[in-house]
Amino acid sequence: MLAASVLADSAVEHYRGSFKNKAMLTPLIVAGLTLAMSLHGTADRRPMAHQARDASYLSAAVTGLLGTGFHIYNVTKKVGGLSWQNVFYGAPLGAPMAILLSGLLGFCSERVRANGGRRRHRVFNLPAGETVATVTALGLLGTSGEAGLLHFRGAFHNPLMALPVTLPPIGAGLLAGAVVNGGARPRGLARWWMRLLVGMGFAGVGFHAYGVSRNMGGWRNWSQNILNGPPLPAPPSFAGLALAGLAALELMREARNA
Amino acid sequence: MSDDGRHSPRARDGRAPDVFRPGGWVSMKEYSDHEAVDFVIVGTGAGGATLACKLAEYGFSVVALDAGPYFRPLEDFASDESEQTKLYWTDDRIVDGDNPLQLGSNNSGKAVGGSTVHFAMVSLRFRPEWFKARTKLGYGADWPIDWREMWAYYTEVEQALKISGPVNYPWGPPRPRYPYRAHPLNAAARALARGCEALGIGWTETPLATLSAPRGLAHPCVYRGFCVTGCSTNAKQSALVTWIPRALSAGAEIRDLAMVGRIETDANGLAVGVHYHRQDKWRFQRARNVVVAGYAIETPRLLLNSATDKFPSGLANSSGLVGKNLMAQANQAVWGEMDEEVRSYKGPPSLAITEHWNYEDDGKDFFGGYAYMSQGPLPQLWANTQATAHGLWGARLVQEMKRYNHVVGLKIVGEMLPQENNRVTLADERDQYGLRIPRVTYSWCDNDRRLIDHSIAFMSRALSAIHAKNIWVQEDDTCHLNGTARMGDRPDSSVVNADCRSWDIPNLWICDGSVFPTVGGANPSLTIQAIACRTADRIRALSRLGEVNLN
Ligand SMILES: Cc1cc2nc3c(=O)[nH]c(=O)nc-3n(C[C@H](O)[C@H](O)[C@H](O)COP(=O)(O)OP(=O)(O)OC[C@H]3O[C@@H](n4cnc5c(N)ncnc54)[C@H](O)[C@@H]3O)c2cc1C
Ligand code: SF4
């Protein structure tokens, strides 16, 4: 899901930038691959890790890191350097991180799969549930930061724009809490909160669609306003992360019950 | 568009155009001519509309008249420079002096909303010291208002217009965060920024009265750059789409296509109403107070045209200063060409600014200051500029226009000093209403020239520093007009007091750019609106003390 959101978002944004640099195609290919691989993984019933899938997940992670580097370079080389103007309107600093995340999460899920029916899943010798929960929590914080930056650019003109900068950090806190407690305490609230975030992610598309309609010409002028208005594909990345969070909580529960 | 509001009034029969909905209407309170209203306001621009809104919100009965049409921006505005000349005040006027002003597109407006309907939206605060220019900086005249008070009113206007500006403003005392974020810079703005960085001075995103995010039914800016010919998206926060709708919903009446020819005074020397021309006949609106807000030429013209036996030299003119101390602002430009495409016309024309020479006094051989901004001339204006400045025509002009996409330019808004000889008087000729037309006399002084020379030299260096080629100077241009009814502390050296109230006629007020004692190097509209907000507050306070004529 995260991969799908990244694919669509970077497609729209890099299309808007007319793919001025050939490297701007990379995230599309990689996110596309990640998406294809995870679909493949879902369809594939064999309980083992798949090398091709691993390779693509890891390449996603690398793309994310490199992309962040490129975007930082793009921002700092503009006149004004690291200023609000360039952080608002230059290449988004946080966006490539989402590819990194989708890669990492994919990689984790492969490890879980490889462990087969065993109860204590491990990734790099760390407990799987905790690892996924930590990655997800960091992802929620980062994505929330990105939304915060862009919503600040939009001057929080609608009070609902405060939701993605308040709810996800709380979710991240709850996940972190679950990790610290080793899942000892009831994780009901965390689970409930993850579901809330899934809902928020989808509702966000609706709000962004409303945002698009408020541009000159509204939806009749969709070909311009989809580019101008708030990005439709962005909010579901919260839903993707929250689903990963739910899975992590589940893994932790299984591990404890084992 | 067959009827775009220019031929018959739209605001009547209890309704006025809804500027946010095509074909829509909003309800409007109406007063009869015989009913004396608390305030009749002449002009609905930056000064008049703001005051009308605030006074109506404070519960006073208000009728505001404008000689211009009530446009519907979503429907009436074409992306066509010629068509949009309908927004300018082009009635007959005579200009003279050593540097006669070119009146029209760059310094007038005739519409509900006034000049703000097609202004360039640059929304700057004055430098605090300018309010005490005489005492603190040694030139011009002091304002009778303290800058700290103005600072609060600036904030009110910035919020009301949802100004989009930089997160931190580099000059002057701290100001609250602008309500909306700055717009993305276009290539012309980045050129200004690179020039400033090369010369080691500060620059920033220009605070603009156009939306960078939605606001109610107004759309955010689409960066097509037709701002100075009107804005067809309502992103521009002109008086027409901000103060006027608020004024209507607070119960004010707006009358479009209503030209005021004369203010009537009685034997006691009080104003009793205004004679105005609407729908082919002269009418008379009774009022307990009259406010003149017709811009720096029409305001003194109306006061002078309203002379009586009791006031033979015109109303509010015991000081003899009505019409005097007219101040334009210098508007010189330096242009060049870049190798790469700039397409400077994309987006609002002045996205980046430096106020360095407004705040820095070292290294100046002149009084006053100037700001300079990036430019984005529309094609027809650019062709005209080439034709007048370089005498290009025919094939050579076409040739030059092929390089239009590479043009980059910097332009100042520069302070000119008040001089009594720069003035508005009445000519003997009469206009279509039978009213004597204004004669506008203007000559630069040595200080004005030194400021202009300094700015041209500096901007030329800025363009050279970014490797612009074929750099040339546009020497003769002016913009915004102010002065002609200055405010002050004393009846013998000013026309109105700090409350914009005439010293001579206590129920006659003047509330527009005419009241400026000095102009500074900043575009004036934010200051005009701040003064109007202050005036409304003062009128409310004075009325509570029983000091405003309300019977
Ligand atoms: C092209 C252009 C760009 C500009 N750009 C900027 C900018 O970027 N930033 C900035 O701060 N300022 C800018 N200005 C200046 C700004 O618009 C004016 O300073 C401001 O609007 C003046 O306010 P005002 O109330 O004095 O007059 P106006 O806003 O001009 O309003 C006067 C109104 O009074 C009406 N009127 C006059 N006489 C009569 C009468 N006798 N009877 C009835 N109605 C009458 C007129 O029709 C007009 O509508 C610009 C101006 C122009 C023309
Ligand atoms: S560039 Fe923006 S403010 Fe200017 S006319 Fe277009 S929408 Fe209006």
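The values are calculated or read from the model by the stated rules, or taken from the named source; none is laboratory data. Everything quoted here is computed from the prediction, not taken from an experiment. Neighbour counts are summed over all protein chains in view; Cβ atoms, including those assigned to glycine, are modelled from backbone coordinates with ideal geometry. Heavy atoms of the whole protein, side chains included, go into the accessibility calculation; ligands, DNA and RNA do not. Shrake-Rupley method; radii C 1.70, N 1.55, O 1.52, S 1.80 Å.
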Exercise: per-residue mean of other protein chain Cβ atoms within 10 Å, B:213-225: 4
Complex-versus-alone comparison for segment B:184-206, residues with a loss of 50 Å² or more in accessible area, probe 1.4 Å: none
Summed residue charge, Cβ within 9 Å of B:GLN102's Cβ, Lys/Arg positive, Asp/Glu negative: -2
Accessible area buried at the B-A interface, both sides summed, 1.4 Å probe (Å², nearest 100): 1700 Å²
Estimated inter-spin distance, B:HIS34 and A:ALA162, nm [label 7 Å along Cα→Cβ]: 5.5 nm
Centroid-to-centroid separation of segment B:392-411 and segment B:472-551 [C-alpha atoms, Å]: 41 Å
DSSP-assigned coil residues among trypsin sites (Lys or Arg not before Pro) in segment B:477-539, each with at most 14 further Cβ atoms within 10 Å: none
Per residue convex hull volume, Cα atoms of the protein assembly as shown, in Å³: 182 Å³
Inter-label distance, nm, simple model (7 Å from Cα along the C-beta direction), B:GLU75/B:LYS136: 4.8 nm
Nearby lysines by direct alpha-carbon distance to A:LYS20 (threshold 24 angstrom, same-chain neighbours under 8 apart not counted): A:LYS77, A:LYS78, B:LYS346
Hits among lysines - C-alpha to C-alpha of B:LYS132 under 26 Å, sequence gap 8 or more where chains match: B:LYS324, B:LYS364
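For segment B:451-551, report the convex hull volume of the alpha-carbon atoms normalised per residue, in Å³, without decimals.
On the way: hull volume 12.8 nm³, N = 101.
Spelled out: Cα convex hull of segment B:451-551, divided by residues, is 127 Å³.
State the percentage of accessible surface on segment B:220-329 attributable to carbon and sulfur atoms; use a 1.4 Å probe and exclude ligands, DNA and RNA.
Values: 1620 of 3280 Å².
Carbon and sulfur atoms account for 50 percent of the accessible area of segment B:220-329.
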Span from the segment A:142-176 Cα centroid across to the segment A:212-247 one, whole angstrom: 15 Å
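For segment A:121-258, what does the alpha-carbon gyration tensor say about shape, rounded, prolate or oblate, given a ≥ b ≥ c as the root eigenvalues, a/c under 1.5 as rounded, and a/b over b/c as prolate?
Details: a/c = 2.95, a/b = 2.65, b/c = 1.11.
Note, shape of segment A:121-258 comes out prolate.
Roughly how many Å² is the accessible area per residue of segment A:1-117, as a whole number, for a 1.4 Å probe?
On a per-residue basis, 50 Å².
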Charge context of B:ILE163, other residues only, Cβ under 12 angstrom, K/R +1, D/E -1: +4
Anisotropy class of chain A from Cα gyration tensor, a/c 1.5 cut: prolate
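So what's the back-of-envelope 222 nm ellipticity for chain B, counting only DSSP H runs of four-plus at -39500 (n - 2.57) apiece and dividing by all residues, rounded to 500?
On the way: 11 runs with 125 residues, N = 551.
Theoretical 222 nm ellipticity from helices: -7000 deg cm²/dmol.
Please work out the Kirkwood hydrodynamic radius for chain B, using every pair of different C-alpha atoms, and report it in angstroms with one decimal place. Numbers along the way, then the final one.
On the way: mean 1/r = 0.0427 Å⁻¹.
It works out to 23.4 Å.
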Protein-protein interface of segment A:79-95, residues with accessible area decrease of at least 50 Å², isolated chain reference, 1.4 Å probe: A:VAL79, A:GLN85, A:TYR89
DSSP H segments from chain A that extend 15 Å or more along their own axis, Cα-based, with Kyte-Doolittle mean of 1.6 or above: A:163-180
Two-site label geometry, B:VAL26 and A:LEU149: point separation in nm, points 7 Å out along Cα→Cβ: 3.8 nm
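B:ILE94 to B:LYS281: extension gain in nm, 0.36 nm per residue of separation minus the Cα-Cα distance?
On the way: separation 187, 0.36 × 187 = 67.32 nm, distance 2.61 nm.
This chain segment gains 64.7 nm when fully extended.
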Whole-Hz couplings from phi, Karplus 6.51/-1.76/1.60, listed for segment A:218-225; x for Gly and Pro: x, 6, 4, 9, 4, 5, 8, 6
Per residue solvent-accessible surface (Å²) - segment A:166-214, probe of 1.4 Å: 47 Å²
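Apply the a/c threshold of 1.5 to the C-alpha gyration tensor of segment B:138-251 and tell me whether it is rounded, prolate or oblate.
Numbers: a/c = 2.00, a/b = 1.11, b/c = 1.80.
Oblate, because a/c is 1.5 or more while a/b does not exceed b/c.
Determine the per residue accessible area of segment B:407-551 with all protein chains present and a 1.4 angstrom probe, expressed in square angstrom.
Details: 4990 Å² over 145 residues.
With all protein chains present, segment B:407-551 gives 34 Å² per residue.
Which whole number gives the average, over all residues in A:215-222, of C-beta atoms from other chains lying within 10 Å of the residue C-beta? Can you show the working numbers first?
Numbers: counts 7, 11, 3, 1, 0, 0, 1, 0.
That works out to 3 on average.
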Cut-off 20 Å (backbone N to label point 7 Å along Cα→Cβ of B:TRP472), residues of segment B:92-120: none
Fraction of accessible area attributable to carbon and sulfur, chain A (%, probe 1.4 Å): 67 percent
DSSP loop trypsin sites (Lys or Arg not before Pro) with at most 13 other Cβ within 10 Å excluded, longest remaining stretch of chain A: A:121-258
Whole-Å distance, taken between Cα centres, linking segment B:154-214 and segment B:320-386: 16 Å
FRET efficiency estimate (nearest 0.05) - Cβ-Cβ, A:TYR15 to B:ALA457, R0 45 angstrom: 0.50
Low-density loop cleavage sites - GluC sites (Glu not before Pro) in segment B:117-173, where at most 13 other Cβ are within 10 Å (DSSP): none
